[in-house]
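Undergrad: Mind having a look at this structure? Questions to follow.
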Amino acid sequence: QVQLLESGGGSVQPGGSLNLSCTAHEFTYSTYSLGWFRQAPGKEREGVAVLNTNGHKNYGDSVKGRFTISQGNSKNTAYLQMNSLKPDDTAMYYCAAGPVWAIQDREFDYWGQGTQVTVSL
């Protein structure tokens with residue numbers, strides 16, 4: 001079974017930064033697409049960033065220019081660098097892995113447990 005272990009969430013003030021990480025087991029991100037998604041209470045799950053095996057990165061409109069998805073050199077750890085955080089970024093953040101064609105959340109097969117990000121004064 002594929003396991004995704006997330007860390008790096010927490011509480012931060014507006015304008016601050018967080019770096020989320022996702023460590024994969026039983027596979028490497030060199031053969032899977034990686035996605036970061038988030039869901040706030042009462043809200044629909046939202047795509048944050050997707051990194052496909054061809055190197056293409058797709059960001060949600062609300063995070064463009066502030067968030068960066070990347071892959072570690074070992075290719076079993078993925079990251080989401082979040083800068084200039086806003087209160088609207090508050091959500092549970094999930095990493096996901098899927099086939100090379102995955103873009104939308106329904107196309108991803110494996111999901112982490114989620115890590116809470118709270119942005120407030």
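Undergrad: Which one of these is of a type in the set (Asp, Glu) and under 27 Å from Pro14 (Cβ atoms): Asp89, Asp109?
TA: The unique qualifying residue is Asp89.
Undergrad: Farther than 17 Å from Glu6 by Cα and either under 14 Å from the mean Cα position of the chain (by Cα) or not hydrophobic (A, V, I, L, M, F, W, C) (or both) - does that describe any residue in the stretch 91-99?
TA: Checking the stretch 91-99: at least one residue is farther than 17 Å from Glu6 by Cα and either under 14 Å from the mean Cα position of the chain (by Cα) or not hydrophobic (A, V, I, L, M, F, W, C) (or both).
Undergrad: Shifting gears a bit: What are the residues in the stretch 28-76 that are in contact with an Asp or Glu (Cβ under 8 Å, 6 or more places away or on another chain), in a loop (DSSP other than H, G, I, E, B) and of a type in the set (Lys, Arg), if any?
TA: If the condition is that a residue be in contact with an Asp or Glu (Cβ under 8 Å, 6 or more places away or on another chain), in a loop (DSSP other than H, G, I, E, B) and of a type in the set (Lys, Arg), then Arg45 is the only one that fits.
Undergrad: Which of the residues belonging to the stretch 1-27 are in a loop (DSSP other than H, G, I, E, B) and either free of Cβ contacts under 8 Å to residues at least 24 places away in the same chain or open to solvent by 50 Å² or more (accessible area, probe 1.4 Å) (or both)?
TA: Initially, the stretch 1-27 is screened for residues in a loop (DSSP other than H, G, I, E, B), giving 1-2, 8-9, 13-17, 26-27.
Selection gives Gln1, Gln13, Pro14, Gly15, Ser17, Glu26.
Undergrad: Given (1) in contact with a Leu (Cβ under 7 Å, 6 or more places away or on another chain); (2) at pLDDT below 95, where does Ser17 come up short, assuming only one miss?
TA: (2)
The values are calculated or read from the model by the stated rules, or taken from the named source; none is laboratory data. From a predicted model like this one, the values you see are computed outputs, not experimental measurements. As a convention, Cβ positions derive from the backbone with ideal geometry for all residues, glycine included, and neighbour counts pool all protein chains shown. To get the accessible areas, we keep the full protein, side chains included, count just its heavy atoms, and leave off ligands, DNA and RNA. Shrake-Rupley method; radii C 1.70, N 1.55, O 1.52, S 1.80 Å.
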